[in-house]
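Working notes for the structure below.
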Amino acid sequence: MDWKNESGNMIHHPCVSEKRQHLKNTKERRETNEKNKTMNEKKKKWRQIRSKVNRLADSLGRRIDVKIRESVTALLSLDFNVSASCTGHTRRGIAAPWIDIGEDIPITQIKRKSKRELKILKAKNLREQERLMELLDEFYRGKEVPNDIRLVLEQRGIYGNARLVSTGERFQEIRPKREREERLEQYREEMRQFTEFLKQKYFDIAEP
């Protein structure tokens with residue numbers, strides 16, 4: 001019930017104001033509890049995925065490189081399909097960190113798949129590529145980075161697989177050893193920064 005003062009202005013009953021404040025506080029506490037619950041669930045999922053990544057190994061029993069595990073964890077947490085990765089080496093393989101995105105299919109299994117199954121697989125992989133490209137665009141928005149260091153998605157195969165790697169990786173094999181090592185560290189730092197960006201996106205994204 002609202003009252004009027006001597007001037008005829010409406011004034012609110014103290015109990016009404018207290019009730020409104022109580023409802024506001026209750027709503028805020030509920031929202032805070034929901035946010036805390038969501039964050040705890042995200043942290044739990046992250047720990048579970050990180051634990052799984054720490055145990056993953058290739059056909060030779062070699063585990064994922066330590067320096068690329070955080071990047072793989074971030075991508076998996078954001079529901080990307082990661083099929084292979086490496087932190088980069090100057091004496092063997094590719095001298096830059098890289099991560100393969102999309103569901104890989106061995107050549108021996110292609111003939112066992114129908115055209116429809118392969119079409120669905122390609123569409124799924126391309127959607128993942130598109131989503132990751134959007135994240136890369138956001139990451140580089142307003143950021144000045146030499147093209148050599150900039151992370152890009154390179155097409156791999158004909159079924160929508162892609163590799164996340166620095167553009168200059170292809171030139172590493174013709175560079176002197178010292179320059180190759182310096183560029184490798186620059187590429188690793190770029191991947192690290194992108195990983196931090198992905199972690200921020202993961203923990204900040206509101207649940208639907």
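Tabulated data for the structure shown
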| item | result |
| --- | --- |
| Test: residue in region 56-68 that is under 21 Å from GLN200 (Cα atoms), surrounded by 15 or more Cβ atoms within 10 Å (Cβ to Cβ) and of a type in the set (Lys, Arg) | no |
| Strands (runs of 3 or more DSSP E) completely within region 89-200 that count 2 or more residues being without any contact (Cβ under 8 Å) to a residue 24 or more places away in the chain | 151-156 |
| Any chance THR73 is touching a Lys or Arg at 6+ places or on another chain (Cβ under 8 Å), among the polar types (S, T, N, Q), surrounded by 21 or more Cβ atoms within 10 Å (Cβ to Cβ) and within 25 Å of GLN155 (Cα to Cα) | yes |
| Region 155-200, subset in contact with a helix residue (DSSP H, G or I) (Cβ under 7 Å, 6 or more places away or on another chain) and among the small types (Gly, Ala, Ser), residue nearest to LYS124 (Cα to Cα) | GLY160 |
| Residue list for region 89-134, restricted to those being buried (at least 17 other Cβ atoms within 10 Å of the Cβ) and within 20 Å of GLU70 (Cα to Cα) | ILE94, ALA95, ALA96, PRO97, TRP98, ILE99, ASP100, ILE101, GLY102, GLU128, GLN129, LEU132 |
| Hey, LYS42 under 15 Å from LEU164 (Cβ atoms), at pLDDT below 95 and not hydrophobic (A, V, I, L, M, F, W, C) or not | no |
| Region 150-170, subset under 13 Å from ALA95 (Cβ atoms) and modelled with pLDDT of 95 or more, residue surrounded by the fewest Cβ atoms within 10 Å (Cβ to Cβ) | GLY168 |
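The values are calculated or read from the model by the stated rules, or taken from the named source; none is laboratory data. Remember, predicted model here, so these are calculated numbers, not experimental data. Neighbour counts are summed over all protein chains in view; Cβ atoms, including those assigned to glycine, are modelled from backbone coordinates with ideal geometry.
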